[in-house]
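Peer 1: Could you have a look at this structure, given as C-alpha cells, before my questions?
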Amino acid sequence: MLYLCCKDFIVNIMTIERTTSEFIIRFPFTSDIERMQDMVDYLRYKELTAKYELAQSEVDNLAKSINKQWWQKNQYKFD
C-alpha cells in the first residue's frame, strides 16, 4: 500500500496486490482518470518493450520520425 503523509493525517493513494497470475492496482475513486490512464499507458509500454534491446540512437531516430509524421498530419491545426 502506498501512503502520502501530510502533517497530521495519512492519505491512502493506491493499493498493489499480487495474485498468482497478475498484479492488481487499486486507486481511490477520486483519482484523476487522465493521470491514471497515463500511468496505465506507461506500464503497458514498459511491458511491451521489456524484451527489446535498442540503442538510444535508434529510439531517438524512431521518435523523430514519428513526430515528423504527426506534425505533417496535424500542422494545419496550428496555423
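Peer 1: Keeping all protein chains in the complex and leaving out DNA, RNA and ligands, what accessible area do you get for residue 46 with a 1.4 Å probe, in Å² to the nearest 10?
Peer 2: 100
Peer 1: From the phi of every residue in region 19-25, what ³J(HN,Hα) in whole Hz does the Karplus formula 6.51 cos²θ - 1.76 cosθ + 1.60 yield, where θ is phi - 60° and glycine or proline is x?
Peer 2: Here the 3J(HN,Hα) series is 9, 5, 10, 6, 9, 10, 10 Hz.
Peer 1: GluC sites (Glu not before Pro), restricted to region 37-74: which are DSSP loop and have at most 14 other Cβ atoms within 10 Å?
Peer 2: Loop-located and lightly packed - 53.
Peer 1: For residue 14, list long-range residues whose amide hydrogen, built 1.01 Å from N in the peptide plane, is under 5 Å from its own amide hydrogen.
Peer 2: 2
Peer 1: By its C-alpha gyration tensor, with a ≥ b ≥ c as the square roots of the eigenvalues, how is region 29-70 shaped: rounded for a/c under 1.5, else prolate for a/b larger than b/c, else oblate?
Peer 2: Oblate.
The values are calculated or read from the model by the stated rules, or taken from the named source; none is laboratory data. All values derive from a computational prediction rather than experimental measurement. All Cβ positions, glycine included, derive from the backbone under ideal geometry; neighbour counts span all protein chains shown. Ligands, DNA and RNA are excluded from the accessible area calculation, which covers all protein heavy atoms including side chains. Shrake-Rupley method; radii C 1.70, N 1.55, O 1.52, S 1.80 Å.
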